[in-house]
Amino acid sequence: MRLSKSARRAFCATAVAAAALGLAAAPAQARQATLTDTIPTFDYADCPPLPAGADVSGSFCSEAIASSGSVTIGNVTHAIDTPLKLTFGSPWFDDSGPTQVFGALRGERFQVATRHGEPVYAQPEYAGAFEFTPDANLNLSFKIRFTGGDLGSNCTVGTNANPISVHLITGTTAPPPPYQPISGVPWSVAAPGVHAGTVVDNTFPVPAASGCSDNGNAFLNQLGGLPAAAGASTVILPLHIGMISYSKLP
């Protein structure tokens, strides 16, 4: 059966959206984002502008939201209690089909320690690399910015030049020994225009802290056990992904 152009557009955009993102973790069994989970509200506020020449009616914007989970980087674990959100566009070009364009990565800062009597906060940030693969997995580079406790304004674990790079999959990982594989959960339809699933990774290394003032690098490296070898940090993230046509954006 030959699909119409509009049907091919919808099919390709759905496949792209199913390649969702995640960033959060703890070394435990992967949890499926099931139909019983509360579906978040999608506002599409960070949809990136379409490139020149993209067909608006065939282009889609997607939001991937994690409302629960945890992040373990080295020795530091944080339970997610506010939404973590990734936004990306899937522009459609009639001569080549869909592509992907990064929009935004948003997560609230959270306290990880106290230093000099002041709280130390961490916040994830995009580090410049983003790729969806044909088998619906996601490669993402990010860094974690630390503030407070006289750490200065340029204190991070990971940089754009040397980021934390994860390969998030719904299948089973293959970390180096002695770490054990973990498995994600394939995408399923949670509601019209919404997919749900669990992406995982525990195969990535984490670099040491850099750019921190007042001996902050040593402080964070001791706190987090950094640099951390591949397998010592884990991502397990249940996600909901909403998708909307650019022609229907507010």
In a GNM of the chain with a 10 Å cut-off on Cα contacts, which of 132, 93, 142 has the highest mean-square fluctuation?
93
Accessible surface of the chain, 1.4 Å probe, proportion on carbon and sulfur as whole %:
55 percent
Can you tell me the orientation of helix 5-17 relative to the chain, as the angle in degrees between its alpha-carbon axis and the longest Cα principal axis, to the nearest 10?
10 degrees
Relative contact order in percent for the chain (Cα pairs under 8 Å, 6+ apart) equals 25 percent
In Å², and per residue, what accessible area does the range 120-250 have when probed at 1.4 Å with the other protein chains present?
41 Å²
Within the chain, helix-based [θ] at 222 nm, where runs of 4 or more DSSP H residues each add -39,500 (n - 2.57), nearest 500
-2500 deg cm²/dmol
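The values are calculated or read from the model by the stated rules, or taken from the named source; none is laboratory data. Everything quoted here is computed from the prediction, not taken from an experiment. When the accessible area is computed, the model is the full protein with side chains, heavy atoms only, and any ligands, DNA or RNA have been set aside. Shrake-Rupley method; radii C 1.70, N 1.55, O 1.52, S 1.80 Å.
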